Amino acid sequence: WRRRSSCRPDSNRVMRALFGRADHRLLPAAMPEGFGRSLAPDGENPRSLFLRQVSDGSGEGRSAAAIAVEAQVVVQRNSLRRLTSGELGDFRPPTGVSVPIKVDAAHAVTADYLSALLRTVFSDNGRCSRGACGLDHGEAQRRLEEHGPNRISPPKTENKFLKLLKTMFGGILNILLWFCVLAEIILYFSFSGDAKDPVTPIILSCVIVGTALLQWVTELRAESSMQELRAMQGSELVRVARRREGDAAGPEGEVDTVELEPADLVVGDVIFLSAGSRVPADVRVLFCTDGTEVDNSALTGESMPEARINTPESESMSLTEARNLAFFGTTVVKGSATCCIVATGDRTLLGEIATSMQGVMPKSSLEIQVAHFIHLVASFAILLGALVFVANMLSSTKRPFSEVLENCTTALFTQVPEGLLPTVTFSLMVASKEMSKRNVVVKKLDAIETLGCVSVFCSDKTGTLTTGYMSVQEVALPGTGSDNGLQVVSLAPPDQAASDAAVLRLCRAGVLNNAAHASVSSGDRDVIGSPTEVAIFNAGAALLGGLQGVAKLKAEVGLAFEIPFNSENKWMVTVHASDKLEDGADPYLCIIKGAPERVLARCALDVEALRHADEALQVLMQQGRRVLCVAQRRIRADEVPADGKFYGTGEADCSFGLSGLEFLGFFSIEDPPRPGVAEAVEKAKAAGIKVVMVTGDHPGTARSVAHRLNILASKEDLEEGQDLAVIEGTQLEAMMPENGDFSEGLSYEVRSFWNRAVVETRVFARVTPLHKQIIVKAFQALGHGGIGDIVAMTGDGVNDAPAMKQAEVGIAMGIRGTEV
């Protein structure tokens, strides 16, 4: 058996592991080729499976470790039947063995494989709602001690007193001034008589120390403000499934749902997330309700939440695009999910980004300019002192050496700008105080001066140029009378037509057919739900008497029946008592809201009206908006079931018809630009600053927002074939410099591309955090005609952090940005 070419030298260890205590360090980190297709029939003993594949050659071409994994999956499959019936059976994932500290390809493997790899138990087809599941408490504690807490290592903070010493004695100007002090002290002790001057070195020392203290205190206050802002991002407890092994509190193997701090979570833990939950680690989705969505904007720049699934994805797919993963720091905005933790702390995607930022920040322009100036001053002063010494020595008037030395030092010291350091520091402190009045915390004083030298301003879109929150911008209503065209009414800001009966009718239908709900927490009322649902809810509340008015309306009409939104139907149906909503004898009113193409197909519209609706829809979508359609119909008394209970999950089995609907209109939703951004862009361009949008969002949305913010100056720039005005991440991927360095070794094609990009491009879309960092490097190396630009980078998400660290000035927006 050992001589078989398909087995590796460690096969004997795998054999012992399978027959005895498995050592899962031998398991591969990704699913082997053909995994699952050659599994033994259910019920086959895993040992016999292993021996059969080794003896008959069916395992040829695969390692013994891979065969061992398949055997473990058979164990899992045979045990899951017992687990779902509430019996633990004879399956016990061994404790005390090593498990991977991180699963690199968790999106490409099955739940059974993941369970065997991480030595954890999933039950109830991944729901983990009954039966034994998760890790036992002892194993979880062992992993916590071995791998450490689920916490990203903070950057190394410098001792504040050491920082004071560096501020006081570091820098070429400080060195020059202290050299002057030292020379004055030497002269004081060298000369005798009344020529001694103790005042000058004392005053100069006080100036240096006082200036350093002021700068040190100012930066410490900024650090304190940053810490207070970070503290506003509190952590919430996480529901975790843990197994009890013979615990006195319950029978052996009983599932125990506990609430833990995120720092206490380990790889292999099974956790439960719901709408509003912050994802506490990198997780693989085992089960999720239909329509579960996660907001990845802080990590990827996507303005819209993304749906989650629980089935394996392609191994070639990037992690951020995998729909069965959720990442540390993102938020569940809709639905609920059961997940298994596959990476914690510094091993998460967020942790890896944070680790990549551990490096030396580039020097500020002020540091460079002061260093250059001091080099000139020092060179001139030394030269002048040398000339004075030569002149004194060659003079016909013979002077004592002490007098010659005094003349030399006097000539040298008169060239030293003693007042430069306090002048610069006081100026920066005044500027810092003015910035604080504009809600800006300055972490490093000399960044203020660098900000005035910026020639390229790179900015993220979501949450920076835009508000970061979806809101209804307009509604489109069907025309009246002979006019079949749609009337577009602005809601942000609302125009005079916003109070029309047709608008109120549409908004009323939008809040009734809505999965969002108001929640009271910490004294504030928040609306919880998916961003689009929350946007419609808030728009309706603004016109229907606020949150109290909406609550009163919902209480009056009730909810008789509901078909939730799902990916198959792409619409949501609600049924309400009609006596409070519409005139007529029909007892119920059905409201449907969803994808325009699905809802319009069920509306009673003639060809002309349908054409107008489609034209209005295309105009709104070309503006980068997300559009939802709303319609309704009365439910007659003869359509109500005898027991008064409606039923159905879709059009095929619904107890009432879903056709012949009355079209009410469209909701046009987007993440709108921040007020004043377009004007600020114009001012920056007038000052000679190039403004560039760098976003992970969709190119169409980026184009639309860039045009409205004057980043793309004219409509011609929005054409698809417009040179390099807009570049996508796929184009950048083929033109990435080796090792991310533009200094040397670039091919002609790559250099030509980036030389054009730094001149012509105004929007970079669908880019990754690495792409953003490379873009900043390109402007620094190739911009400004090859001299290099001074770059400022603004963002509020983790995906902006590497670029912000690379830029000469990094500007973090809001509380989320401060955490970055």
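The values are calculated or read from the model by the stated rules, or taken from the named source; none is laboratory data. As the structure is a computational prediction, the values presented were derived from the model and not from experiment. As a convention, Cβ positions derive from the backbone with ideal geometry for all residues, glycine included, and neighbour counts pool all protein chains shown. Accessible surface areas use protein heavy atoms only, side chains included; no ligands, DNA or RNA. Shrake-Rupley method; radii C 1.70, N 1.55, O 1.52, S 1.80 Å.
Answer yes or no: is there a residue in the range 673-691 that is surrounded by 15 or more Cβ atoms within 10 Å (Cβ to Cβ), more than 24 Å from the chain's Cα centre (by Cα) and under 30 Å from L610 (Cα atoms).
no
If you take the residues in the range 102-114 that are of a type outside the set (A, V, I, L, M) and in contact (Cβ under 8 Å) with a residue 40 or more places away in the chain, which one is surrounded by the fewest Cβ atoms within 10 Å (Cβ to Cβ)?
Result: D104.
Out of the residues in the range 188-204 that are aliphatic (A, V, I, L, M) and at pLDDT 75 or above, state the one that is surrounded by the fewest Cβ atoms within 10 Å (Cβ to Cβ).
V199
Give all pairs with beta carbons closer than 9 Å in which a residue from the range 170-198 that is over 14 Å from L405 (Cα atoms) and outside any helix (DSSP H, G or I) meets a residue that is at pLDDT 75 or above and small (G, A, S); count only pairs at least 6 apart in sequence or on separate chains.
As it stands, the answer is G171/A371, since those pairs meet every condition given.
Of all residues in the range 341-376, which are within 28 Å of V238 (Cβ to Cβ) and at pLDDT 80 or above?
Those that are within 28 Å of V238 (Cβ to Cβ) and at pLDDT 80 or above: I341, V342, A343, T344, G345, D346, R347, T348, L349, L350, G351, E352.
Need the failing condition index for G452 against (1) of a type in the set (G, A, S); (2) free of Cβ contacts under 8 Å to residues at least 12 places away in the same chain; (3) farther than 27 Å from K363 by Cβ, just the number.
(3)
I'm trying to understand the selection: among the residues of the range 549-607, which are at pLDDT 90 or above, open to solvent by less than 50 Å² (accessible area, probe 1.4 Å) and not aliphatic (A, V, I, L, M)?
F561, W571, T574, H576, C590, K593, G594, P596, R602, C603
Select from the range 751-778 the residues that are under 15 Å from the mean Cα position of the chain (by Cα) and aliphatic (A, V, I, L, M) and list them in ascending order.
Matches in the range 751-778: V767, L770.
With the requirement that a residue be open to solvent by less than 20 Å² (accessible area, probe 1.4 Å), more than 17 Å from K570 (Cα to Cα) and either in contact with a Ser or Thr (Cβ under 9 Å, 6 or more places away or on another chain) or in a loop (DSSP other than H, G, I, E, B) (or both), what does the range 649-664 give you?
Of everything in the range 649-664, just one residue is open to solvent by less than 20 Å² (accessible area, probe 1.4 Å), more than 17 Å from K570 (Cα to Cα) and either in contact with a Ser or Thr (Cβ under 9 Å, 6 or more places away or on another chain) or in a loop (DSSP other than H, G, I, E, B) (or both), namely F656.
Look at the range 579-612 and say how many of its residues are part of a loop (DSSP other than H, G, I, E, B) and under 26 Å from L486 (Cβ atoms).
Number satisfying all stated conditions: 10.
If I filter the range 222-238 for residues that are closer than 30 Å to P154 by Cβ, open to solvent by less than 50 Å² (accessible area, probe 1.4 Å) and modelled with pLDDT of 80 or more, do I get at least one hit?
The answer is yes; a qualifying residue exists.
List every residue pair whose Cβ atoms lie under 8 Å apart, where the two residues are 6 or more positions apart in sequence or sit on different chains, the first residue falls within the range 404-427 and is farther than 17 Å from H375 by Cα, and the second residue, located anywhere, is assigned to a loop (DSSP other than H, G, I, E, B).
Close Cβ pairs satisfying both conditions: E406/F191; N407/R399; T425/L445.
With respect to the numbered conditions (1) over 30 Å from E562 (Cβ atoms); (2) of a type in the set (S, T, N, Q); (3) at pLDDT 90 or above, which one is the sole condition not fulfilled by Q632?
(1)
Listed residues L144, L176; which is modelled with pLDDT under 80, among the hydrophobic types (A, V, I, L, M, F, W, C) and surrounded by 16 or more Cβ atoms within 10 Å (Cβ to Cβ)?
L176
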